[in-house]
Amino acid sequence: NYFRASDLSEVVEHLKLFRCFLENVSRGDFPLAPAIKWKVVSQKGHSVVTFCTWERQRLLAKVAGSFSVVPLNILSADVFPRGDNVVLGIFRVCDTKGRPVTDPRDFELVGQALQRALEDERFDFLPLIEKAKRQSRSVVSGIEFPTRIAIDNKTHPTYTLIEIQAPDRIGLLYDVLSCVDRENILIPLSRINTQAGAAIDTLYGVDGSTHAKITDPNRIQLIQKHLKNAILSGGAAKSQ
């Protein structure tokens, strides 16, 4: 719930961001450009990135891809859709050494990548993410544990829960969300969390055609298989 997660000062800042976005839309200069605000939280070792834009297909994947091209690690994410097709997203990110993001060039790179992806449906993040992986000098944590993918239709009355636990890496969330999109699954809600090198994500999904829960056992098995391939193989994995 948005109001449980936000204090009064944050609500005020978010309203200002909504106003900025809608003013940009009304001027017509860049109607698809998101409004983005960065806040460095040094004492907690991360930066908070808040964005406001139109709700659309593959939005979460495009946001995740935009962070990956720097590259930045996504520590947590909350996305709140509104009734007027506008979305508020709050991402907590750090660099590959676990430090807050402070370089304005990184801010600009994320904003440019996201705007290009929103304006061009064919925009391909994979070459940029692969380049970021090659250039990154991050130290691998060495944490090893099996990837776990569970699909749950009992917990929530409306959504199928896709629960993922996997070692974190550059581009992981982008690969997961791109795979979900290929499976024709809509993700209205999500809980993204990274702790000590482990990605622990819960996606609340529905079938992209019927907007109902995904209940077919064969389809569920295929989704789990394709997600595991995407997690283990990265951008090279595609659903067959």
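The numbers here are math on the coordinates, done by the rules we state, and not lab data. Remember, predicted model here, so these are calculated numbers, not experimental data. Neighbour counts run over all protein chains shown; Cβ positions are idealised from the backbone, glycine included.
One table, with the values for the structure above:
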item: Positive-pole candidate from Asn1, Gln43, Gly89, dipole of the chain, charges at beta carbon; result: Gln43
item: Above-threshold pairs, the threshold being 30 Å between Cα atoms, out of Lys39/Lys154; Lys37/Lys97; Lys62/Lys228; Lys16/Lys62; result: Lys39/Lys154
item: Alpha carbon Rg of segment 2-135, scaled by the compact-globule rule 2.2 N^0.38 Å; result: 1.03
item: Which of Ser178, Asn229, Ser190, positive extreme of dipole for segment 148-236 (C-beta unit charges); result: Asn229
item: Contour excess over end-to-end distance, with Cα ends at Ser136 and Asp103 and 0.36 nm allotted per residue; result: 10.3 nm
item: Of the trypsin sites (Lys or Arg not before Pro) in segment 19-81, those whose Cβ has at most 14 other Cβ within 10 Å and which sit in DSSP loop; result: Arg56
item: Charged-residue dipole, Cβ positions (Lys, Arg, Asp, Glu), segment 152-240 about Cα centre, Debye nearest 20; result: 140 debye
item: Pair Tyr2, Leu222: separation of 7 Å Cα→Cβ label points (nm); result: 3.6 nm
item: Projected label distance in nm at Leu32 and Ala198, using a 7 Å step from Cα toward the beta-carbon; result: 3.9 nm
item: The chain - charge dipole about Cα centre, Lys and Arg +1 at Cβ, Asp and Glu -1, debye rounded to 20; result: 400 debye
